[in-house]
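Novice: There's a structure below that I have some questions on.
The values are calculated or read from the model by the stated rules, or taken from the named source; none is laboratory data. No experiment lies behind these values; they were computed from the predicted model shown. Cβ atoms come from the backbone with ideal geometry, glycine included; neighbour counts cover every protein chain shown. Side chains are part of the model used for accessible areas, which takes the heavy atoms of the whole protein and leaves out ligands, DNA and RNA. Shrake-Rupley method; radii C 1.70, N 1.55, O 1.52, S 1.80 Å.
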Amino acid sequence: DCTLVNAWRGISIGPEWNELHTFRNLSICALSAGFAVDSTTDIGRVSDVTVSPRVWSADGFPGAPDETALRAWLKSHETIGADYGRSDWEYVWRLKVDGYRTGVRFRRGQDGLTNAVMADSDLTDCGTGLVVDALNGVGLAVYDCRFASTENVGFASNFNSVVQFNSCIFTGTVPAADGRHVIVTPARQSPIRP
C-alpha cells in the first residue's frame with residue numbers, strides 16, 4: 001500500500017539470493033526501473049501494481065512533473081516497468097505498466113532464468129510492452145492480458161523456450177505463433193478495455 005515516485009529504481013529484489021518476495025497495492029514512477037527481480041529461488045508474487053508516469057504527475061506533491069513531458073522522457077530513455085532475471089514460479093497478477101520504453105522484460109539473471117504466470121495485466125503505451133530474451137524450460141503463461149504498445153511483444157533472436165498467450169487482447173500487432181515457442185490461443189484484436 002505504498003506510492004514510490006522520483007526513485008531511480010523503485011524496488012530491487014536481488015541479485016543476491018532471496019525467496020518469497022510479495023508486493024501488492026503499489027503505485028510506482030521510477031526513472032530507470034519500476035521494479036527489478038533476480039535470484040529468487042522460490043515463489044515470488046506481484047499483484048495490483050501500477051508503474052506509470054501518471055503516478056507521479058498526479059500525486060499532489062509540489063514540483064510534480066507534467067505527465068506528458070515525463071511520459072516523453074521515460075519513453076525516450078532506457079526505462080523499464082518490470083525487469084525479471086531469475087525467479088522460480090513468479091506469479092504476476094493485475095500489473096499495469098504504461099509510458100515506459102519497455103513494459104516487462106524477462107532475461108537471463110545472475111543465477112539462471114525465470115518461469116512465470118502473468119494474468120489480468122495491462123501493458124500499454126510502451127515502446128515494447130513485453131520483451132522476452134530468455135526463460136527457463138517451463139516458460140511463461142500469459143492470460144487475460146491487454147497489450148497496446150508500439151510493439152506489443154518482442155523476442156530475442158535466440159529465444160528457446162515457450163510463451164503461451166491465452167485470451168489476450170492485442171491492439172495492433174499480435175505475436176507470430178509458431179506452435180513451438182509462441183502459442184497464441186485465441187488471438188483477438190480489439191480495443192483495450194479501461
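Novice: Among the residues of region 136-152, what is the count of those that are open to solvent by 10 Å² or more (accessible area, probe 1.4 Å) and aliphatic (A, V, I, L, M)?
Specialist: 3
Novice: Any idea which residue in region 34-80 is surrounded by the most Cβ atoms within 10 Å (Cβ to Cβ), counting only those that are of a type in the set (G, A, S) and closer than 19 Å to T150 by Cα?
Specialist: S52
Novice: Out of the residues in region 73-101 that are out of contact with any Leu (no Cβ under 9 Å at 6 or more places or on another chain) and not in a strand (DSSP E or B), state the one that is farthest from N25 (Cα to Cα).
Specialist: The selected residue is S76.
Novice: Do you know which of the residues in region 155-182 that are at pLDDT 90 or above and hydroxyl-bearing (S, T, Y) is least open to solvent (accessible area, probe 1.4 Å)?
Specialist: Of everything passing the filter in region 155-182, S161 is least open to solvent (accessible area, probe 1.4 Å).
Novice: Sticking with this structure for a sec: Taking N6, is it farther than 19 Å from V132 by Cβ, out of contact with any helix residue (DSSP H, G or I) (no Cβ under 9 Å at 6 or more places or on another chain) and open to solvent by 40 Å² or more (accessible area, probe 1.4 Å)?
Specialist: In short, no.
Novice: For region 119-129, enumerate the residues that are open to solvent by 10 Å² or more (accessible area, probe 1.4 Å) and in a strand (DSSP E or B).
Specialist: D122, T124, T128
Novice: Let me ask another. Please go through region 132-157 and pick out each residue that is in contact (Cβ under 8 Å) with a residue 12 or more places away in the chain and assigned to a loop (DSSP other than H, G, I, E, B).
Specialist: Scanning region 132-157 gives D133, A134, L135, N136, G137, V138, G139, D144, C145, S149, T150, A156.
Novice: Go through region 102-118 and give me each residue that's buried (at least 19 other Cβ atoms within 10 Å of the Cβ) and either part of a loop (DSSP other than H, G, I, E, B) or without any contact (Cβ under 8 Å) to a residue 60 or more places away in the chain (or both).
Specialist: Once the filter is applied, which keeps residues that are buried (at least 19 other Cβ atoms within 10 Å of the Cβ) and either part of a loop (DSSP other than H, G, I, E, B) or without any contact (Cβ under 8 Å) to a residue 60 or more places away in the chain (or both), region 102-118 yields T102, G103, V104, R105, F106, L113, T114, N115, A116, M118.
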